[in-house]
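The values are calculated or read from the model by the stated rules, or taken from the named source; none is laboratory data. Quick caveat: nothing in here was measured; it's all calculated off a predicted structure. Virtual Cβ from ideal backbone geometry, glycine too; neighbours counted across all protein chains shown. All accessible areas refer to the heavy atoms of the entire protein, side chains included, with ligands and DNA or RNA removed. Shrake-Rupley method; radii C 1.70, N 1.55, O 1.52, S 1.80 Å.
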Amino acid sequence: MNKAKIMCVVGTRPEAVKMAPVILALKAQPWTETRVLATAQHRQMLDQVLQAFGIEPDVDLDLMQPNQNLTALTARMLTSMDAVLQAERPSAVLAQGDTTTVMVAALASFYLGIPFGHVEAGLRTGDMRRPFPEEMNRVLAGRLARWHFAPTESSRQNLLREGTPAEDVFVTGNTVIDALHTIAGRAGDPVPHGAGRRLILVTAHRRESFGQPLAEVCNAILGLLARNDDVEILYPVHPNPNVRRMVHEMLGGHPRVRLTEPLDYLPFVAAMRDSYLILTDSGGVQEEAPALGKPVLVLREETERPEAVAAGVVKLVGTNGARITDSAQELLDDPAAYRTMAKGISPYGDGKAAGRIVDILQRHHASCS
Ligand code: UD1
Ligand code: UDP
């Protein structure tokens, strides 16, 4: 039987986290030759994660530029990806999520008639501008995909409502839980913080929050620090200059705020584990933190991940300063409120998503051979 050549595309940090279990599971299979294409839409943050999982790209487009513009990035990526796919001629392409890399991988595959598998398919807010441009990216990738690997039943339902054929949609769980399981036990040393102090972990990077909303988040953090002597902030700052400038200007220099470079995946998981509470607008962190039993306040007006909100372990607080401060204060003051949000549940998967994806692709390969 001919081997299936499967091209796994990764561009940014979260794609590397969530594709790593799929890449490693595929590489263990005798029926496929697995190739890894890094667009390097992110550079350092992509490399950090690939190294943590011991994955080396076969092709690296090295596309990142400082403060890159979406149109220019998309155009450069489409041209270079087309050249690689034409040269490699894979039998299938896989990518995860909703970034520029994913949308371009789906489109470049479509132009060449190569079937595209969408990992983490079917997430929707229903608002094309929130998150921007991710909602449009995943809608487009979904229209172009041959296989839709939906993490949950509600993401499957979103796809069915849009008319996606039911036989092309598979509920697999989210591979982010596989990634967490893979590194469980290796997560690293306790995160240093003052004795008796409670650590609040913060991350924020969404484009729709640049400017005033991010300023409100920073003010809310300053408010929490003023009201609570025992609170310490750990904030690994996203390297996007629109984030970095404001966060350093507003929070830099406070004695109980630690602004760091993005943490490697293992220390970041340790930081989630050791935190009392997490404030974030990240998609992946909304999925990981519930599995680690940590309450999350989401710094966004909506989420495409409603399952943890429904389970009561994640709360949408938006970017209004007063609302953020009040919600965090409640969790700092009220042990019962805290306990209900720190249950330790995993609505996004059981850690076996990658195996299910590989099985589906193997069945397809066997049926074509
Ligand atoms: C991108 C994704 C977003 C995802 C996020 C995860 C798009 C449009 N956005 O947002 O969906 O949630 O990644 O983090 O696909 N930079 C570095 N080093 C890095 C990475 C980024 O310096 O390793 C800086 C560069 O100046 C770069 C800028 O950040 O130009 C923006 O990177 P980009 O990938 O365009 O957008 P993100 O905001 O990172
Ligand atoms: N993460 C990390 N180091 C950090 C911050 C986040 O390794 O300093 C990991 C986190 O555990 C999660 C992923 O990066 O798996 C989320 O990436 P990000 O928030 O950039 O993107 P999103 O998930 O919002 O698309």
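Figures for the structure shown
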{"quantity": "With all protein chains modelled, accessible area of Glu56 [1.4 Å, Å²]", "calculated": "150"}
{"quantity": "Label-point separation in nm, Arg76 to Ser369, each point 7 Å along Cα→Cβ", "calculated": "3.9"}
{"quantity": "Percent carbon-and-sulfur accessible area, the chain, ignoring ligands, DNA and RNA, probe 1.4 Å", "calculated": "52"}
{"quantity": "Gaussian network model of the chain, Cα within-10 Å springs - most flexible of Lys18, Lys294, Lys352", "calculated": "Lys352"}
{"quantity": "Candidates Gly318, Gly253, Gly126: whichever shows maximal mean-square fluctuation once the chain is modelled as a Gaussian network with Cα springs under 10 Å", "calculated": "Gly253"}
{"quantity": "Taking the chain and dividing mean pair separation by its residue count, relative contact order in percent (alpha carbons under 8 Å, at least six apart)", "calculated": "16"}
{"quantity": "Integer Hz, Karplus 6.51/-1.76/1.60 couplings in order for the stretch 241-252, x for Gly and Pro", "calculated": "x, 5, 8, 4, 4, 5, 5, 5, 5, 8, 10, x"}
{"quantity": "Sequence-separation-based contact order of the stretch 48-112, relative, with Cα cut under 8 Å and 6+ spacing, percent", "calculated": "31"}
{"quantity": "Alpha carbon centroid spacing (whole Å) that separates the stretch 197-231 from the stretch 8-44", "calculated": "33"}
{"quantity": "Accessible area in square angstrom per residue, the chain, 1.4 angstrom probe", "calculated": "39"}
{"quantity": "Cα principal axis extents for the stretch 272-335, largest first, Å", "calculated": "25, 24, 18"}
{"quantity": "Average Cα contact separation per residue, the stretch 19-158, under 8 Å, 6 or more apart, as relative contact order %", "calculated": "18"}
{"quantity": "Stretch gain in nm, segment Arg129-Asp168, where the contour uses 0.36 nm per residue and the Cα spacing is subtracted", "calculated": "11.3 nm"}
{"quantity": "Nonlocal amide H pairs with Val191, under 5 Å, H built at 1.01 Å", "calculated": "none"}
{"quantity": "Cut-off under 5 Å, modelled amide H: who pairs with Leu292 long-range", "calculated": "none"}
{"quantity": "Sequence-distant residues sharing a close amide H with Glu33 (under 5 Å, placed H)", "calculated": "Ala4, Lys5, Ile6"}
{"quantity": "Vicinal HN-Hα couplings computed from phi for the stretch 346-362 (Karplus, 6.51 cos²θ - 1.76 cosθ + 1.60; Hz; Gly/Pro x)", "calculated": "9, x, 9, x, 10, x, 10, 5, 4, x, 5, 4, 4, 4, 5, 5, 5"}
{"quantity": "Choice from Met103, Met272, Met128 showing the highest fluctuation, given a GNM over the chain with Cα pairs closer than 10 Å", "calculated": "Met128"}
{"quantity": "Phi-based couplings in Hz for the stretch 42-55 (Karplus 6.51, -1.76, 1.60; Gly and Pro marked x)", "calculated": "9, 9, 4, 5, 6, 4, 3, 6, 4, 5, 4, 9, x, 10"}
{"quantity": "Calculated over the chain: convex hull of Cα atoms, volume per residue (Å³)", "calculated": "122"}
{"quantity": "In nm, spacing of pseudo-spin labels at Phe210 and Lys27 (7 Å Cα→C-beta vector)", "calculated": "3.5"}
{"quantity": "Simple Cβ-charge dipole of the chain, Lys/Arg +1 and Asp/Glu -1, about Cα centre, in debye nearest 20", "calculated": "280"}
{"quantity": "Spin-label zone in the stretch 86-125 - amide nitrogen under 12 Å from a point set 7 Å from the Cα of Ala311 along the C-beta vector", "calculated": "none"}
{"quantity": "Convex hull per residue volume in Å³, alpha carbons only, for the stretch 45-143", "calculated": "116"}
